[in-house]
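The values are calculated or read from the model by the stated rules, or taken from the named source; none is laboratory data. What you see is a predicted model; the values in this text were computed from it and never measured. We place every Cβ from the backbone using ideal geometry, glycine too, and count neighbours over all the protein chains shown.
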Amino acid sequence: MKKIEAIIQPGFRDAVIDAIKKIGVGGVTVHQVQGQGAQDPPLVGQYFSRDMVICVVDDPKLDDILNAIANVACTGTKGDGKVFVTTVDDALDICTKKRGTTSI
């Protein structure tokens, strides 16, 4: 399983969620976040607002989901965002007690 954390411009949140749900992502978590990119000039106390869409997916879906996010959220300008992918060793659905890929 892979955890995908996509930091995107706020106006693209719903389009990104729609695109990844079409691929078969069951659930997502959304956060409103703030930060600065590595290439941004140092702005003391000032940050850019972005949305973070988080989901955990089966490994075979990873490339399709990354492509969907890039296709929907890319404007071709600096500041479109980043996507981070990490490995998830296990997962547990608290209510059903299902583990692993069956829990997502």
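What to note about this one:
- Cβ-Cβ contacts under 7 Å between residues 6 or more apart (or on different chains), taken from a first residue in the range 3-32 that is farther than 24 Å from residue 102 by Cβ to a second residue that is β-branched (Val, Ile, Thr) and at pLDDT below 95, are absent.
- Test: residue 53 is aliphatic (A, V, I, L, M), in a strand (DSSP E or B) and under 13 Å from residue 20 (Cα atoms): yes
- Members of the range 74-88 found to be part of a loop (DSSP other than H, G, I, E, B), in contact (Cβ under 8 Å) with a residue 40 or more places away in the chain and exposed (fewer than 10 other Cβ atoms within 10 Å of the Cβ), listed by number: 78
- Test: residue in the range 41-49 that is assigned to a loop (DSSP other than H, G, I, E, B), loosely packed, with under 11 Cβ neighbours inside 10 Å, of a type in the set (A, V, I, L, M, F, W, C) and free of Cβ contacts under 8 Å to residues at least 24 places away in the same chain: yes
- Of all the listed residues (93, 89), the sole one being in contact with a helix residue (DSSP H, G or I) (Cβ under 7 Å, 6 or more places away or on another chain) and not small (Gly, Ala, Ser) is 93.
- Residues satisfying the stated conditions in the range 6-25, i.e. small (Gly, Ala, Ser) and under 15 Å from residue 70 (Cβ atoms): 6, 15, 19
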